[in-house]
1. I need the full set of residues from the stretch B:144-157 which are under 17 Å from B:PRO120 (Cα atoms), in contact with a helix residue (DSSP H, G or I) (Cβ under 7 Å, 6 or more places away or on another chain) and not aromatic (Phe, Trp, Tyr), in order please.
2. Could you please tell me which pairs satisfy a Cβ distance under 7 Å, a separation of 6+ or placement on different chains, a first residue in the stretch B:39-65 that is in a helix (DSSP H, G or I), and a second residue that is acidic (Asp, Glu)?
3. Can you find even one residue in the stretch A:79-88 that is buried (at least 16 other Cβ atoms within 10 Å of the Cβ) and hydroxyl-bearing (Ser, Thr, Tyr)?
4. Just to be sure before I move on: is B:ALA114 within 9 Å of chain A (Cβ to nearest Cβ) and modelled with pLDDT of 95 or more in the structure I sent?
5. Among the helices (runs of 4 or more DSSP H) confined wholly to the stretch A:1-89, which include 3 or more residues that are without any contact (Cβ under 8 Å) to a residue 60 or more places away in the chain and under 30 Å from A:GLU243 (Cβ atoms)?
6. Which helices (runs of 4 or more DSSP H) does the stretch B:202-278 wholly contain that include 1 or more residues that are surrounded by fewer than 22 Cβ atoms within 10 Å (Cβ to Cβ) and modelled with pLDDT of 95 or more?
7. I'd like the full set of residues that are over 14 Å from the mean Cα position of the chain (by Cα) and assigned to a loop (DSSP other than H, G, I, E, B), limited to the stretch A:264-309.
Amino acid sequence: MAQEYLEFEKPIADLEKKIEELTLFTSNGDINLEEEILKLHKKSDQLRAEIYSRITPWQKAQISRHPNRPYTLDYIEAMMTDFVEMHGDRAFADDPAIVSGMAKLDGMPLTVIGHQKGRTTKEKIFRNFGMPNPEGYRKALRVMRFAERFRKPLLTFIDTPGAYPGIGAEERGQGESIARNLSVMSQLKTPILTVVIGEGGSGGALALGVADRILMLEHSTYSVISPEGCAAILWNNGAKASEAAELLKITAQDLFQMKVVDEVVEEPIGGAHRDPRRAAELLKEAVVRNLAEIRNVPFDDLLKQRYEKLRRIGMFDEI
Amino acid sequence: MAWFKKERPEKLSSETPAKKVKIPEGLWVKCDNCKEIIYRKEVEKNFKVCPKCDYHFRITASERLPYLVDEGSFFEVEDGLSPRDALGFKDYKEKLKSSRKKTGLKDAIISGEAKIGGCPVQLVVMDFNFMGGSMGSVVGEKIARAVERAIDKKTPFISVASSGGARMQEGILSLMQMAKTSAATARLAEAGLPFISILTDPTFGGVTASFAMLGDLILAEPKCLIGFAGPRVIEQTIKQQLPAGFQRAEFLMEHGMIDMIVSRKDLHATLARILEFFTTE
């Protein structure tokens, strides 16, 4: 897959192009530029670390949607074995915007559900850009109940711009399908771990995200509304998204501070898209550790803690 | 200069309720739906429903109470909760102040205990006039507490929704109120107690995608708009005009999303009849 660069990554892109040219030159055998190349590599690493150490919320939003960023199936592939995909809601259709099934994590069986985006244009359309319809959420619901019935932990991956706003989606009860998942997940008698791997787009994201532990990748975002949508409402100008991104507090770090998420999982320098394999390793460590902590909690305690955690979220004054 | 003035196409019927619905102080009222000019007293006598076209005017939470519960039985609780600008969101404090002034409410919901047909219930009623009935921390908390009260006192829980969705100004905290309210109603179901959800004009976004669609029974007022995504968002996404009647209560009824459409004047009697089912041994 070709590396794509975001606007603010351009200096890195320029440097990497130069390295590539020099490498090509050297491989022709004319002159030895190895020392020069090594220097440039170092410089590029430094530059990347520097750029990524001071990214703005809006840049984070862009990284969270980066076209090279690993998606749910990439993480399943890299972290787990024996994945068996489960399809269909048994009522209407199979929604490719959500994938689900059973897999093994270090030999331990678990159920997995996640939003799925596409990489190529064709895939993107097939996956509906990761925007589920009600049947997607109902497929997820089916797999949640499956997890409960067979007493397997549930791991969910969040990565969606939001639930799809379409005529059919409304006809088939988009609102109800999301609400049902929130309700069922809150009472599901099995440990649930959620990871926001990319874009956490509002209710369409939350529908897979009521959990005992919520992790967020370092450069993922989670928000009640997209920065563009917020800017359109506030200033009638979607182009002011970067200001809206600041206001909304959408970064993993913001959510950790507000105690909405439990842990921020480190990404390789330059983001998960620069080194997907390393990103999956880091995530796997966090997932295994967190699952171990919630796996043996008795269900009654687990459900009580899950509820109490939700009950605590919110800020208000009371007299 | 053009010789003939081009007639503007009539606005989509689904768009009309997006406009501000406000009954002016004057003697006469213009119906937002059929545009008829009606004598104001006549509308008020008719449960704030247009006598010509049956359009149910948007009403405040306190205006709704007499149509909902047994006379004089409502006792407000949890009225000490007020919103906080947790994110330091631009202009939120000012918006709260002006909404408070306009409605006399601290936030977009009132919560209390009441009787309907003699049956004690816990009740929340949303008010669209307060920042579009949006759900933030206070709304979510008051709903969760009302549900917990119902579990404690073993009464049914009734909600009246009227909301544009989650409150943007409280960011992720608003989104999480969807999970909080849904988890609360799930506990009510576990406790074997009924939840009756009443949808009014309009009910959208995070409210539709949480507690409002989780009622054991879901009732809606005639012609009210109910949906997940707003009609404008859908139109922009699919680049098509929406079919007539889209997202109206009747549309939801046809698609199996709600149990019944009940006129405002029949609501109290209908609720009383439903509640009797649960209270009779």
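The values are calculated or read from the model by the stated rules, or taken from the named source; none is laboratory data. All values derive from a computational prediction rather than experimental measurement. Note that each Cβ is placed from the backbone with ideal geometry, even for glycine, and that neighbours are counted across all protein chains shown.
1. B:VAL147, B:GLU148, B:ALA150, B:ILE151, B:PRO156
2. B:ALA61/B:ASP127
3. No, the stretch A:79-88 contains no residue that is buried (at least 16 other Cβ atoms within 10 Å of the Cβ) and hydroxyl-bearing (Ser, Thr, Tyr).
4. It is false that B:ALA114 is within 9 Å of chain A (Cβ to nearest Cβ) and modelled with pLDDT of 95 or more.
5. Passing ranges, in order: A:10-27, A:34-53.
6. In the stretch B:202-278, B:249-254 are the helices (runs of 4 or more DSSP H) which contain 1 or more residues that are surrounded by fewer than 22 Cβ atoms within 10 Å (Cβ to Cβ) and modelled with pLDDT of 95 or more.
7. A:PRO268, A:ILE269, A:GLY270, A:ASP275, A:ASN296, A:VAL297, A:PRO298
A quick yes/no check of all residues on (1) of a type in the set (A, V, I, L, M, F, W, C); (2) assigned by TED's automatic domain parsing to the domain that holds B:ILE116:
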site	(1), (2)
B:ARG40	no, no
B:GLU63	no, yes
B:PHE74	yes, yes
B:LEU81	yes, yes
